[in-house]
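A quick write-up on the structure given underneath.
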Amino acid sequence: MYTVSGKTKILGIIGNPVGHSLSPAIQNAAIVACELDYIYVPFAVAPGCLGTAVAGLRALGVCGFNVTIPHKTAIIDYLDELDESAADAGAVNTVLVQDGIMTGFNTDGYGLVSSLAEELSYVPGATGTIVIIGAGGAARGAVAALCAAGAARIIVVNRSFDNALRFAEEMTIKYPKTSISVSLQNQIGESDLGSDSLLVNTTSIGMNGESISFIDLAKWPKSAKIYDMVYSPLETSLLREALALGIPAVNGLGMLAAQGERAFNIWTGKTAPRGLMKRVLQSICCT
């Protein structure tokens, strides 16, 4: 246990909903382990209240916070500066407040690439196709990081084709070396895939037990790999289908831990003990 005083520095997370977030557990565990006088708390912020909330956090002297659904892109209008990671992604999930200046970062992409390498031994390269489901804030962070890591070909699949097209065009300008295209749902065929194929679900589909009906993994090569950013439940319908077909697949716990470690370092200048955040997540989700 640690004691909160008038000197305690405040970190937090804003979103709607935010009650399910596991970020307070992992960040507070790192704070205790590093013996820092900080505390990390959740703030529920409705979409119409974002500007007021950001002004309030600035006025209260909060020194940093995470940003989750639905604010990852909208918050950009209320920040003073963007780090290269956020500018490239066009989305923010971490904000540093220093001397009254709010700077946005995107640690989601870092978390994804780190988790892919560690858990699936997947490193983006010149071969293979990456299929991204979604075109929101999480997808932006993912695509920016995968392009920067050397991805050769990315296909974006989204409910709104127009939104996906605008997203793909924007990312193509930033990353001209990567082929970024858009596909309608139910139109990803075997001809689109190669032996190094990767599927990344960046949406919330699966959180309530629903399946991604427009993806038929039976048509995917067994050498493909599946990454579902959803981590609650631990095993989504997508993961169950993949594992039943013998296709390697993991949930988003590793990404959540890795992006959390990077955010912790941005705020405090300290490095969280290696593996601590992931162990905390596993202990929560597996009980």
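The values are calculated or read from the model by the stated rules, or taken from the named source; none is laboratory data. These figures come from a predicted structure and were not determined experimentally. Heads up, the Cβs are rebuilt from the backbone with ideal geometry, glycines too, and the neighbour counts pull from every protein chain shown.
Could you tell me which numbered condition residue 114 fails, if it satisfies all but one of (1) crowded, with 19+ Cβ neighbours inside 10 Å; (2) touching a strand residue (DSSP E or B) at 6+ places or on another chain (Cβ under 9 Å)?
(2)
Please go through region 231-248 and pick out each residue that is within 18 Å of the chain's Cα centre (by Cα), free of Cβ contacts under 8 Å to residues at least 40 places away in the same chain and either surrounded by fewer than 23 Cβ atoms within 10 Å (Cβ to Cβ) or on the phi > 0 side of the Ramachandran plot (or both).
Passing the criteria: 233, 235, 239.
Quick one: which residue in 26, 69 is in contact with a strand residue (DSSP E or B) (Cβ under 7 Å, 6 or more places away or on another chain) and touching a residue at least 60 places away in the same chain (Cβ under 8 Å)?
After ruling out the rest, the residue left standing is 69.
Looking at region 53-67, can you tell me whether even one residue there is closer than 28 Å to residue 201 by Cα and either among the acidic types (Asp, Glu) or in contact with a Cys (Cβ under 6 Å, 6 or more places away or on another chain) (or both)?
No, there is no match, as no residue in region 53-67 is closer than 28 Å to residue 201 by Cα and either among the acidic types (Asp, Glu) or in contact with a Cys (Cβ under 6 Å, 6 or more places away or on another chain) (or both).
Name every residue in region 219-239 that is closer than 14 Å to residue 209 by Cα, at pLDDT 90 or above and in contact with a Leu (Cβ under 7 Å, 6 or more places away or on another chain), in order of residue number.
228
Tell me which of these residue 272 doesn't satisfy, since it passes every other one: (1) buried (at least 21 other Cβ atoms within 10 Å of the Cβ); (2) touching a helix residue (DSSP H, G or I) at 6+ places or on another chain (Cβ under 9 Å); (3) of a type outside the set (Ser, Thr, Tyr); (4) in the same structural domain as residue 141 (by TED's automatic domain parsing).
Result: residue 272 passes all but (4).
Being under 17 Å from residue 83 (Cα atoms) and surrounded by fewer than 22 Cβ atoms within 10 Å (Cβ to Cβ) is the filter here; which residues of region 138-171 pass it?
Passing the criteria: only 148.
Can you run down the residue pairs with Cβ atoms below 7 Å, 6 or more apart or on separate chains, where the first is in region 198-209 and at negative phi and surrounded by 21 or more Cβ atoms within 10 Å (Cβ to Cβ) and the partner is acidic (Asp, Glu) and assigned to a strand (DSSP E or B)?
Qualifying pairs under 7 Å: 201/228.
For every residue, the table says whether it meets (1) in the same structural domain as residue 198 (by TED's automatic domain parsing); (2) within 26 Å of residue 74 (Cα to Cα).
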residue: 96; (1), (2): no, yes
residue: 113; (1), (2): yes, yes
residue: 128; (1), (2): yes, no
residue: 140; (1), (2): yes, yes
